[in-house]
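In what follows, a single structure is set out as structure tokens and then discussed.
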Amino acid sequence: MTRFSYSSALMILMLAGCNSGTNPFIDNANAAAEAQAQTQADGSTTPTTTNTNTDTDTTSDTGAPISSNRTLLPGTVSPTSGDQIFRKEARSDTAGDGFAENFRYDGNTDTFFVDNLAFDGEGGYTVVRDSAGNRLGIGPFSVFENQAVAVDGLTTGNITQLQYRALYATGPSGNTSIAIIRTGAYIEYGFGGYIYQRNGGVVLPETGQALYNVTGNYCVLIDYKGKVCLEYVKGD
């Protein structure tokens, strides 16, 4: 089983339609007429139907609404278009999810910080670079790594730390940002977390139509269950 930590707050799944040349959704009125014609052709009695539609909504609600176990991620309790909003990974004490806290980025030193993770060193996370010295990442995304060792306060010796990786990105306007951190140092899912947020409000139009542009860059951290491994993927 593989866990994916997606760097996008929204993933769109494209569903392939039925390529049969006919509409898979049958109009209820036509279906009822066809059923009645078939009944009459068989020689049986046509069932009596009653039109329950009324010009005014005077009937009371009957039946039960849709039942769902959908829950919002922890974060802003009552979000509005005019306020900032954030969401974070829910904490799971059995899998290590959502333990990361206090995400922050220092642009002056180009350093990423996070708290509440085991054996990730005492300092900040620094930028990961490839063999040519180029910053690892794509578009607005950058990859950060923790310190490899920590200093023992009693013996001043070096203590090897677990390997963590973090993705951090901000949107074109600078008002939206996302951060994800994971480790592949555990056979089960490792400790980590993610957070995404919008700083300030946004003006939503009351009329008209809009097109949401989903093109751009993305980065992914893949944390495996059952083996010690962490993979990094980027794409356009």
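The values are calculated or read from the model by the stated rules, or taken from the named source; none is laboratory data. Small disclaimer: the values here were computed from a predicted structure and weren't measured. Reconstructed Cβ throughout: ideal geometry from the backbone, glycine too, with neighbour counts over all protein chains shown. Note: areas computed on protein heavy atoms with side chains; ligands, DNA, RNA excluded. Shrake-Rupley method; radii C 1.70, N 1.55, O 1.52, S 1.80 Å.
Find out how many positive minus negative residues lie around P74, taking Lys and Arg as positive, Asp and Glu as negative, among other residues whose Cβ is under 9 Å from that of P74. List each step's numbers first, then the result.
Details: positive: R87, K88, R91; negative: E89.
So the surrounding residues net to +2.
Only sites in a loop by DSSP and with at most 13 other Cβ atoms within 10 Å count here; which chymotrypsin sites (Phe, Trp or Tyr not before Pro) in the range 154-236 make the cut?
Numbers: sites: Y164, Y168, Y186, Y189, F191, Y194, Y196, Y212, Y218, Y224, Y232; in loops: Y186, Y189, F191, Y212.
In loop regions of the range 154-236 (DSSP not H, G, I, E or B), the sparsely surrounded chymotrypsin sites (Phe, Trp or Tyr not before Pro) are Y212.
Amide H contacts of R129 (H built 1.01 Å from N, in plane; Pro and chain starts excluded): L136 sit under 5 Å, all sequence-distant by 5 or more or on other chains. Summed over the residues of the range 61-203 and divided among them, the accessible surface reaches 60 Å² per residue at a probe radius of 1.4 Å. Close amide H contacts of T111 (hydrogens built in the peptide plane, cut-off under 5 Å, sequence separation of 5 or more or a different chain): D106.
Here the Karplus curve 6.51 cos²θ - 1.76 cosθ + 1.60, taken at θ = phi - 60°, turns the phi angles of the range 126-135 into couplings of 9, 5, 8, 10, 7, 5, 8, x, 7, 5 Hz, with x standing for Gly and Pro.
Roll a 1.4 angstrom probe over the protein heavy atoms and tell me the percent of accessible area of the range 123-236 that is carbon or sulfur.
Result for the range 123-236: 54 percent of the exposed heavy-atom area is carbon or sulfur.
For the range 219-225, putting each phi into the Karplus relation 6.51 cos²θ - 1.76 cosθ + 1.60 with θ = phi - 60° gives couplings of 10, 9, 10, 10, 10, 8, 9 Hz, in residue order, rounded to whole numbers and with x for Gly and Pro.
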